[in-house]
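Q: My structure is below; once you've seen it, I'll send some questions.
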Amino acid sequence: MATLHVLIVDDEPGIRSGIRRILGNYSVGYAFMDEDFDFNLIDAGTGEEAIEILNQQKVDVVLLDNKLPGMDGIEVLEYIKKQGFDLAVMMITSYASLDLAIKATKNGAFNFMPKPFTPQELRASIENVAKHLYLKRMTKKMQAEGKQIRFQFLSVLSHELKSPLNAVEGYLKMMQEKQLGDKIEDYEKMIDRSLARLKGMRNLIMDLLDLTKIESGKKERKLREIDLGAIARTAMDTMEPYSIQKNVKMSLKVKGNTYFLADADEMEIVFNNLVSNAVKYNSDNGKVEILIEDHEKEIVMSVADTGIGMSEEDLDKIFQDFVRIKNSKTKEITGSGLGLSITKKMVEQYNGTIQVKSVPDKGTTFIVSLPRN
């Protein structure tokens, strides 16, 4: 079991002894933690004494009263921030005010707990502080080790899957309770929505797996001469049901020799992402034009649509991980925010480039250049 060192800063001996009784034999654990935490409790009756302790030994959590003789809690908090101590501070005070809350938050206080408090309130608060501290340190460790992608994987996965899982669970409970009647036909809309949600979750997981394989360098590549025109046609076939719904017409032109030494799965991912976006972000009754040209030393592929387009500001960030363009025109369009990031990484593995040109309300064109060598 790991130990968190907790500094109790309060001029009332009764408060300090009460906290000791509540936390003395208490431990905190979460499913995502490697081990539970217990607490080593340290006392300080003044702000000056607290600073002396902070300078001499490791402290993880500070339970800090504001009304102290001499230095007050905010001054101690300012000192902690200035020194850059790796710890979490929870203010404990009888005199909470908006001004105090603003000052404390600005100087890095994690949260507040008013006096008097119950044992349950203190334990709940210390659980939140411990979780915050653990996640903060784990994030910093992953960044230091070059493993930020793992943290992004977990945080985005949990965030993006929570909403659809709640929706599917809600639909199933309504069906279980037969809220709309006894006939299966009464629930067709719920079933369709659940299937759409599940498809979105599956696509997100597949995108994340592709991304982590690329980032880790562990994706096995099978290079052979493939026909990029055939790969493009497969991507078009995949999107055809959706394009029919929106009445978006897709066309493909192939000029010259479009055979290329590559991994077929990787090229399929590139085309799937570009064609999928071109249809999803298109206008009803729009067009998608795909062109693959042989330029001898390189193959140039373009996917152009007549859709909603993007602003200059959006163009600067669309290839970043987990970025989705959010506005009134895209709020109904689902996606992981990973497709273009993965596409760019795939293209760069072949020493290629990807460019984008876009005009709001006119359309977008992606241009991929792949050198033959």
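Quick note: the coordinates plus some simple rules give every number you see, no bench work behind them. These numbers were taken from a predicted model, which means no experiment stands behind them. Cβ: placed from backbone, ideal geometry, glycine included. Neighbour counts: every protein chain shown.
Q: Sort 79-92, 110-123 by packing, meaning the average of other beta carbons within 10 Å per residue, with the highest value first.
A: 79-92, 110-123
Q: Roughly what % antiparallel, to the nearest 5, for the DSSP beta bridges in region 2-144?
A: Within region 2-144, antiparallel bridges account for around 10 percent of the total.
Q: Mind checking region 335-373 for trypsin sites (Lys or Arg not before Pro) that DSSP puts in a loop (not H, G, I, E or B) and that have at most 16 other Cβ atoms within 10 Å?
A: Hits after loop and neighbour filter: K362, R372.
Q: Loop only per DSSP, at most 14 neighbouring Cβ atoms within 10 Å: give me the trypsin sites (Lys or Arg not before Pro) in region 226-309, ordered by residue number.
A: Filter output for region 226-309: K297.
Q: Nothing charged except the Cβ atoms of Lys and Arg (+1) and of Asp and Glu (-1): what's the magnitude of the dipole of region 223-371 about its Cα centre? Round to the nearest 20 debye.
A: My answer is approximately 480 debye.
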